[in-house]
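Please treat every number below as a calculation from the coordinates, not as lab data. From a predicted model like this one, the values you see are computed outputs, not experimental measurements. Positions of Cβ are generated from backbone atoms using ideal geometry, with glycine treated the same way; all protein chains shown enter the neighbour counts.
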Amino acid sequence: MVILGRQGSGKGTQSLRIAEHYGCVHLSTGDVLRAAVAEGTELGRQAESIMNSGGLVGDDVMIPLVQERIGKDDIMAKGVLLDGFPRTADQANGLESMLESLGQELTVAINLDVAVEEVTQRMMARGREDDTEEAIARRLGLYEAETAPLLDWFAERGLLATVDGLGEESDVFGRLQAVIDQRLA
């Protein structure tokens, strides 16, 4: 499974609930990067030097890092909820290829939909130093530019399910569960 959504949409909170309920591994891009750096693998060292220089880890490193991680026994046995990957259509193509090579396939890509105004208010309310209105607008703009084509990519393959991310945590989870259960049936 893949979960998508604007920053501040509640992806992190709902991902933990999904992973706990379905017994799958919740894998965020940050987790993959931190684990590779900690393990000191060749890809981990490459990622670390890129991150230390303030750069973004490119597809040439990110795709093989994810592939290395999703091929491990825990994910092969329990399944995975990817959070923060793929971010681009190229990464989605890479994911499709790696799953095929492992004899696996994607069940669903969930877009946790929360309006820009609402996520902006949520992020402003968190009170983090880097959550200025300008910074939030820049991050959301980047998300829109990168993710719109990705939503189309999943939709073309019949994998996209958009779920309303507004409301109580348990209500949102109920909507997510209904979509996932339908896809797993």
Next item on the list: Identify which of 70, 50, 136 has the largest mean-square fluctuation in a Gaussian network model of the chain, with springs joining Cα atoms closer than 10 Å.
Entry: 50
Next item on the list: Round to the nearest 0.05 the FRET efficiency obtained for residue 105 and residue 142 when R0 = 45 Å and r is the Cβ-Cβ distance.
Entry: 0.95
Checklist line | Among 104, 91, 14, residue whose mean-square fluctuation peaks in a GNM of the chain (springs only between Cα atoms under 10 Å) | finding: 104
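Taking other Cβ within 10 Å of each residue's Cβ, how do 83, 60, 74, 90 sort, fewest first?
Numbers: 83 23, 60 10, 74 13, 90 16.
Listing 83, 60, 74, 90 from fewest to most nearby Cβ atoms yields 60, 74, 90, 83.
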Margin query: I want the local charge near residue 120. Using Cβ-Cβ distances under 15 Å, sum +1 for each Lys or Arg and -1 for each Asp or Glu among the other residues.
Written below: -2
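Of the GluC sites (Glu not before Pro) in region 45-109, which ones lie in a loop per DSSP and count no more than 13 other C-beta atoms within 10 Å?
Of the GluC sites (Glu not before Pro), the ones in loops of region 45-109 whose Cβ has at most 13 other Cβ atoms within 10 Å are 105.
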Next item on the list: Towards the positive end of the charge dipole of the chain, with charges on Cβ (+1 Lys, Arg; -1 Asp, Glu), say which of 40, 166, 142 has the farthest Cα.
Entry: 40
Next item on the list: Over all alpha-carbon pairs of region 9-68, lay out the pair-distance distribution in 10 Å bins, whole %, shortest bin first.
Entry: 22, 43, 28, 7
Next item on the list: Calculate the radius of gyration of the Cα atoms of the chain to one decimal place, then report Dmax, the largest Cα-Cα distance, as a whole number, both in Å.
Entry: 16.4, 46
Next item on the list: Name the residue, out of 164, 131, 113, whose mean-square fluctuation peaks in a Gaussian network model built on the chain with Cα pairs under 10 Å.
Entry: 131
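Over region 1-109, consider all pairs of different Cα atoms and compute the Kirkwood hydrodynamic radius from their mean reciprocal separation; express it in Å, one decimal. Working shown, then result.
Numbers: mean 1/r = 0.0699 Å⁻¹.
Evaluated on region 1-109, it is 14.3 Å.
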